[in-house]
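Here is the structure we will look at, set down as structure tokens.
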Amino acid sequence: MTEPQSDGTRAGFVALIGEPNAGKSTLLNRMVGAKVSIVTHKVQTTRTRIRGVCMEGQTQIVFVDTPGLFRPRRRLDRAMVKAAWGGAADADIVVLLIEAHRGLTEGAKAIIERLAGELPKDRPVALAINKIDKVKAERLLALAEEMNGAFPFAKTFMISAEKGYGVQDLREWLAAELPEGAWFYPEDQLADLPLRMIAAEMTREKLTLRLHEELPYQLTVETEKWEDRKDGSTRIDQIVYVARDGHKGIVLGNRGETIKSIGQAARAEIKEFLDREVHLFLQVKVRPNWQEEKERYSEMGLEFKDGDA
């Protein structure tokens with residue numbers, strides 16, 4: 001079987017890794033030019049390896065937005081961390097994001113210590129120091145020197161994923177470094193996640209933004225039904241699973257006002273993403289042990305089996 005001709009094209013996978021809230025989802029969305037990964041002020045909001053696709057010249061860059069790397073406690077935590085390292089190991093290039101104002105934290109040190117053991121020896125790892133607008137230039141230079149002393153990064157970039165500073169330089173470098181080959185996806189495709197899952201992620205983002213404390217990490221959203229109608233609109237039925245009866249009341253709110261406003265916000269975003277009219281229906285159900293159910297993990301694209309992360 002012959003290899004497909006690339007005709008001068010390049011394509012490959014780039015894994016974005018880092019601590020929770022380092023800005024991976026924001027950078028992915030900036031690179032792709034559309035919202036394919038949820039972004040909130042809360043940590044650990046990315047549960048699946050979301051692939052966003054962007055074109056830079058003749059190169060197709062497929063980004064893998066991994067869950068944040070942290071010290072896992074529960075089965076869900078362990079599955080998320082395993083997914084993150086798996087995404088890094090499978091990629092052609094790895095980009096480690098750290099926050100400029102936090103510097104070389106204990107969490108970042110732990111990630112760097114694992115890099116050599118988790119990745120093939122020839123895997124290039126770039127450093128992206130994010131949120132550079134929060135610190136002075138001399139601090140950035142000192143941090144870059146400190147980071148490169150801790151690990152032999154292939155290249156160091158100073159960026160602001162939120163404002164776009166330095167992002168084009170990073171994208172151009174990645175495009176030049178990826179191997180020659182045929183594109184994996186059609187040129188106009190933004191992500192390889194099923195639309196059902198993207199819609200569920202958008203609803204979960206609105207829940208995470210509206211609610212607080214531990215509750216967002218004890219709920220998940222699944223798209224139960226998806227119907228493309230003859231009039232061009234789409235009906236989407238989703239279930240919000242929570243772990244306790246008390247949580248259901250919090251999600252619903254007084255006279256259902258909370259879930260109503262969440263549904264309106266989610267519907268507007270899904271409508272914009274799909275570029276069509278959307279009818280969104282949300283139900284809240286209690287499943288005390290959803291974090292221990294294999295089906296929930298499969299829905300999120302995570303491995304269920306337990307073990308060290």
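The values are calculated or read from the model by the stated rules, or taken from the named source; none is laboratory data. Here the structure is a predicted model, which is why all the values come from computation and not from measurement. Backbone-built Cβ (ideal geometry, glycine too); neighbour counts: all protein chains shown. Quick note on the areas: whole protein, heavy atoms, side chains included, nothing else; ligands and nucleic acids left out. Shrake-Rupley method; radii C 1.70, N 1.55, O 1.52, S 1.80 Å.
Computed values, structure above
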{"item": "Computed FRET value (nearest 0.05) for Arg255 with Asp90, which takes r as the C-beta separation and R₀ as 41 Å", "result": "0.30"}
{"item": "Prolate/oblate/rounded call for the range 243-293, Cα gyration tensor, a/c under 1.5 rounded", "result": "oblate"}
{"item": "Cα-derived Rg to Rh of the range 102-207, Kirkwood definition", "result": "1.02"}
{"item": "Segment Glu180-Glu145, length gained on full extension (0.36 nm per residue, minus Cα span)", "result": "9.4 nm"}
{"item": "Stretchable slack from Gln168 to Lys225, in nm (0.36 nm times residue separation minus alpha-carbon distance)", "result": "16.7 nm"}
{"item": "Computed Kirkwood radius, in angstrom, where 1/r is averaged over Cα pairs of the range 119-267", "result": "19.8 Å"}
{"item": "Accessible surface of His101 - all protein chains present, 1.4 Å probe, nearest 10 Å²", "result": "90 Å²"}
{"item": "Sites matching GluC sites (Glu not before Pro) across the range 208-281 that sit in DSSP coil, with at most 12 neighbouring C-beta atoms within 10 Å", "result": "Glu213, Glu214"}
{"item": "Extension reserve of the Gln58-His279 stretch, reckoned as 0.36 nm per residue once the Cα distance is removed", "result": "75.8 nm"}
